[in-house]
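First comes the structure, then the notes that go with it.
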Amino acid sequence: MTYETQKNTIEFKVYAKNALFTDPITKIGGEKCSYQIPTYEAIKGICKSIYWKPTFIWIVDEVKVINKIEMESKGMRPIKYDGGNELSFYTYLKNVEYFVRAHFEWNNFRIDLQQDQNSGKHFEIANRALAKGGRQDIFLGTRECQGYVQPCTFNERKSEYDDVKELVFGNMFHSFSYPNENGTNKLKKYFWNAKMQRGIINFPQHNNIKQITDVREISTDKRYIFDTNFLCVHQEYENIIDKEN
């Protein structure tokens, strides 16, 4: 079965004047510099801005870098935590355009939403939302980098890097994994050795990544407590809620 015939896959192009894909560690403050290619988390966020429900999880399959990778620096005056402003230089990607292929898979940790697992319905809604530019604001990395999406065929355009066999970008941030996706009470952070082959980035999925860091514990919603078989223990959370009320 090809990507084009699957009823859970969308293909779209996203473009913007600027983009800023950074390691979350550098978002605390100071000067920022973008990665040369988008992160998995950023593209997944764009998919969720197009259409999302807790019933499913977006999986990014491929990203094609259409335009030449170029960067520019801009003087910014971010607000300091202790008040006032300070001069900083942010280094953005400019004139970016990416073709994306992504699909959704059911969130097995939300058994309470099994009745909503209708691939045809979500596929049609996602495509209608995509045709209208998404349900929420589209941005590339940071809020000031406003972007736009529209449907496309993944292979309808050539990349500036079609003739470049491979470009390696070194170790970079891949994505986060939240408790509603990994079945634990921890926020996890994933890294990978990024590379692009003939303009296409094939992101590894979480189960194929070994560079994982536990960021912190997160208090999960008491309505959704899971055992090792990903089953929702309804009676346990009902007892908790009854005691709280």
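The values are calculated or read from the model by the stated rules, or taken from the named source; none is laboratory data. All values reported here derive from a predicted model rather than from experimental measurement. Glycine gets a Cβ as well: all are built from the backbone with ideal geometry, and neighbour counts include every protein chain shown.
Before moving on, here are some points about what is shown:
- Of all residues in the range 71-115 being at pLDDT below 95 and among the basic types (Lys, Arg), the one that is farthest from Ile43 (Cα to Cα): Lys80
- A single entry from Cys145, Cys152 fulfils the requirement of being under 13 Å from Tyr15 (Cβ atoms), touching an Asp or Glu at 6+ places or on another chain (Cβ under 8 Å) and either surrounded by 13 or more Cβ atoms within 10 Å (Cβ to Cβ) or of a type outside the set (D, E, K, R) (or both): Cys152.
- Going through (1) surrounded by 18 or more Cβ atoms within 10 Å (Cβ to Cβ); (2) modelled with pLDDT of 95 or more one by one, Val168 falls short only on (1).
- 1 or more residues surrounded by fewer than 20 Cβ atoms within 10 Å (Cβ to Cβ), of a type in the set (Gly, Ala, Ser) and touching a residue at least 24 places away in the same chain (Cβ under 8 Å): qualifying strands (runs of 3 or more DSSP E) within the range 11-114: 88-106
- Positions within the range 153-188 being farther than 24 Å from Val65 by Cβ, in contact (Cβ under 8 Å) with a residue 12 or more places away in the chain and not in a helix (DSSP H, G or I), in sequence order: Ser177, Tyr178, Gly183, Asn185, Lys186, Leu187, Lys188
- Filter pass, Ser34 being farther than 14 Å from Phe176 by Cα and modelled with pLDDT under 95: yes
- Meets criteria (at pLDDT 95 or above and touching a Ser or Thr at 6+ places or on another chain (Cβ under 9 Å)) for Lys7: no
- Of the residues making up the range 191-221, just one is more than 20 Å from Glu166 (Cα to Cα), touching a residue at least 40 places away in the same chain (Cβ under 8 Å) and part of a strand (DSSP E or B), namely Gln211.
- Filtered residue count, the range 69-94, keeping only those that are among the aliphatic types (A, V, I, L, M), closer than 14 Å to Cys33 by Cβ and more than 25 Å from the chain's Cα centre (by Cα): 1
- Residues in the range 133-152 that are of a type in the set (S, T, N, Q), assigned to a loop (DSSP other than H, G, I, E, B) and under 20 Å from Tyr92 (Cα atoms): 1 in all.
- Within the range 115-126, the residues that satisfy the criterion of being surrounded by fewer than 20 Cβ atoms within 10 Å (Cβ to Cβ), of a type outside the set (Val, Ile, Thr) and either touching an Asp or Glu at 6+ places or on another chain (Cβ under 6 Å) or in contact (Cβ under 8 Å) with a residue 40 or more places away in the chain (or both) are Asp116, Gln117, Ser119, Gly120, Phe123.
- Residue list for the range 127-142, restricted to those being of a type in the set (A, V, I, L, M) and either surrounded by 18 or more Cβ atoms within 10 Å (Cβ to Cβ) or in contact (Cβ under 8 Å) with a residue 40 or more places away in the chain (or both): Ala129, Leu130, Ile138, Leu140
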